[in-house]
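Just so it is clear, none of the values below were taken in a lab; they were calculated from the coordinates. Keep in mind that what you see is a predicted model, and the values were worked out from it rather than measured. Every residue, glycine among them, receives a Cβ derived from its backbone with ideal geometry; neighbour counts consider all protein chains shown.
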Amino acid sequence: MIDEQVDEVLKRVSRTAHEVEPALLERVADSIHSSLQPVRPLPPTWVLTGALVLICAAVAVAGAARTGFYGIEKLTVLERLLIFTTLGILAWVAGREFVAELIPGSRHRLSPGALLTIASVALLAVFALLFRNYRTEHFVSAGIACLVTGLLLAIPAALLSWLLMRRGFAVNSVSAGLVGGALAGLCGVTMLELHCANFQALHVLVWHTAVVSVSAAAGALLGWALCEVA
Amino acid sequence: MARYQAGDFPAATALIQRIGPQLHRFFLAQFSSRADADDLLQETWLRIHRVRHTYRPGEPVLPWFYAIARRVRIDHFRRASRTTARERSLEEAPDVAVTFPREEGELDDLEALLAPLSESQREVIRMMKVAGMSLEEVARATSSSVGSVKQKVHRAYRNLREQMSAPGLKKGPSGGLP
């Protein structure tokens, strides 16, 4: 038996008309009649994605303005270009996927897991390429301070992103939370790159990159909790 | 759909008449009884109505409907599992699976044919053959990539080929298959 024959069999058996009680369809129509008002469709994906990236950039700059631009001052032009271009591209990709998560039937170019992996690997690659100081002074204390700072900044970024996308509808709350958390985490990393002047390779590789993973995990957990409550 | 978003009731009714039976069949195929499928259809339309602004004109409409229907179905299963677990702990009953027996004669030819496939394989075949969706549309509805849908279809066809080629299984569920 070949695929065409299987196809033919499937076509034949699926042609059977499915009857639904007309009264049921009438009940459905009646149930929406009273609240049938005109609605404004959501803007195109690129507009929402652009707005999300702008929100993340604004929150990161505001956070760095409050804590000081010590990191970016010490970076060379090439380092700035490489780090912030990578972060910009990742934020755009994460923003687009976040929009897709909140609009049913959208095209998904990446799974949430793939997005998180790509973001983490890209950041690790750029940081490993640029930072060659392998000393580990105050590795844990300085690292935890950066992780907490990054995560604290991810909270307003996540809240503002949710505010922008509040009219959306997540068909999978866990995935939406994970992608939203990753986007907010990227905002936290951006702020750390503007602010943190500790260029020890392991510090940046471990603690700065961890902001994205921890934030994504927190987002997924929140999505799961909301789903359970609902 | 654009007219439905503009508040046009006849357009909304036409959409319900057109898409309603497809969604009902989608629910009925998921181990649900007809009463469950009726409830799920109503719940889905209420959800569709509440989030109708998330559809953007120009985008394929079927993936949008099916993505919402899948979400409603998952919520339903989750609620049913929770209720069953609670009842079981209260009654200390022996292990009973969460099943939704359907009425006699409701398992149609397609479902009988697809029975040996996994749930995800059945789902993509139903969307493609019953709803007439393309690979791209199924990928959108199931929030997955086209590659992943292709793989599921390929595996489903392989299983169906084996099943139909097996000796003694040449005849279909209603006797009408080769």
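What size of dipole, in debye to the nearest 20, comes out for the protein assembly as shown about its Cα centre when the only charges are +1 on Lys and Arg C-beta atoms and -1 on Asp and Glu C-beta atoms?
940
Around B:Ala6, what is the net charge, scoring Lys/Arg as +1 and Asp/Glu as -1 over all other residues with Cβ under 12 Å from its Cβ?
Neighbourhood net charge equals +2.
Based on the Kirkwood radius over alpha-carbon pairs, what value in µm²/s does the Stokes-Einstein equation return for the translational diffusion coefficient of the stretch B:8-66 at 37 °C and 0.692 mPa s?
270
What list do you get for A:Cys56, A:Cys187 if you sort them by fewest beta carbons within 10 Å?
Ranked by crowding around the Cβ, least crowded first: A:Cys56, A:Cys187.
Given labels modelled 7 Å from the Cα in the Cβ direction, how far is it in nm from B:Ala14 to A:Ala65?
5.2
Quote the FRET efficiency, to the nearest 0.05, computed for B:Arg3 versus A:Leu129 with a Förster distance R0 of 45 Å and r equal to the Cβ-Cβ distance.
Computed FRET efficiency for B:Arg3 and A:Leu129: 0.25.
Computed on alpha carbon atoms, what radius of gyration and Dmax characterise the stretch A:47-229, expressed in Å?
Rg, Dmax (Cα atoms, Å): 15.7, 49.
Going toward the positive end of the dipole of the protein assembly as shown, with +1 on Lys and Arg Cβ and -1 on Asp and Glu Cβ, which of A:Thr49, B:Tyr157, B:His76 do you reach last?
Going by the Cα projections, it comes out as A:Thr49.
What trypsin sites (Lys or Arg not before Pro) in the stretch A:39-118 are in a loop by DSSP, with at most 16 other Cβ atoms within 10 Å of the Cβ?
A:Arg109
Dipole of the protein assembly as shown (Lys/Arg Cβ +1, Asp/Glu Cβ -1, origin at the Cα centre): which of B:Ala67, A:Leu81, B:Ala2 lies farthest to the positive side?
A:Leu81
Hey, got the dipole for chain A? About the Cα centre, +1 on K and R Cβ, -1 on D and E Cβ, debye to the nearest 20?
700
Tally Lys and Arg at +1 and Asp and Glu at -1 over the other residues with C-beta under 11 Å from the C-beta of B:Ala139: what net charge comes out?
+3
Restricting things to alpha carbons, find the Rg to Rh ratio for the protein assembly as shown using the Kirkwood radius for Rh.
Looking at the protein assembly as shown, the ratio lands at 1.06.
Just checking the output field for A:61-68: average partner chain Cβ neighbours within 10 Å of each residue's Cβ?
The mean count of partner-chain Cβ atoms within 10 Å per residue comes to 0.
Given Cβ point charges of +1 (Lys, Arg) and -1 (Asp, Glu) and nothing else, what value in debye, to the nearest 20, does the dipole of the stretch A:93-230 about its Cα centre take?
Value, rounded to 20: 260 debye.
Among A:Gly223, A:Ala60, A:Ala210, which residue has its Cα furthest toward the positive end of the charge dipole of chain A, with +1 on Lys/Arg Cβ and -1 on Asp/Glu Cβ?
A:Ala60
Based on the alpha-carbon set only, what is the convex hull volume of the stretch B:46-88 divided per residue, in Å³?
It comes to 58 Å³ per residue, whole-number rounded.
Quickly rank A:45-53, B:72-80 as a protection proxy: mean count of other C-beta atoms within 10 Å, highest first.
A:45-53, B:72-80
Restrict the search to the stretch A:104-174; then list the chymotrypsin sites (Phe, Trp or Tyr not before Pro) that DSSP places in a loop and that have at most 12 other Cβ atoms within 10 Å of their Cβ.
A:Tyr134
Counting GluC sites (Glu not before Pro) as exposed when in a DSSP loop with at most 14 other beta carbons within 10 Å, what is the longest stretch of chain A free of them?
The reported range is A:20-136.
Unpartnered cysteines of the protein assembly as shown (Cβ-Cβ under 4.7 Å counts as a partner)?
A:Cys146, A:Cys196, A:Cys227, each lacking another Cys Cβ under 4.7 Å.
Summing Lys, Arg as +1 and Asp, Glu as -1, what charge do residues with Cβ under 12 Å from the Cβ of B:Val72 carry, B:Val72 excluded?
With Lys, Arg at +1 and Asp, Glu at -1, the neighbours total +3.
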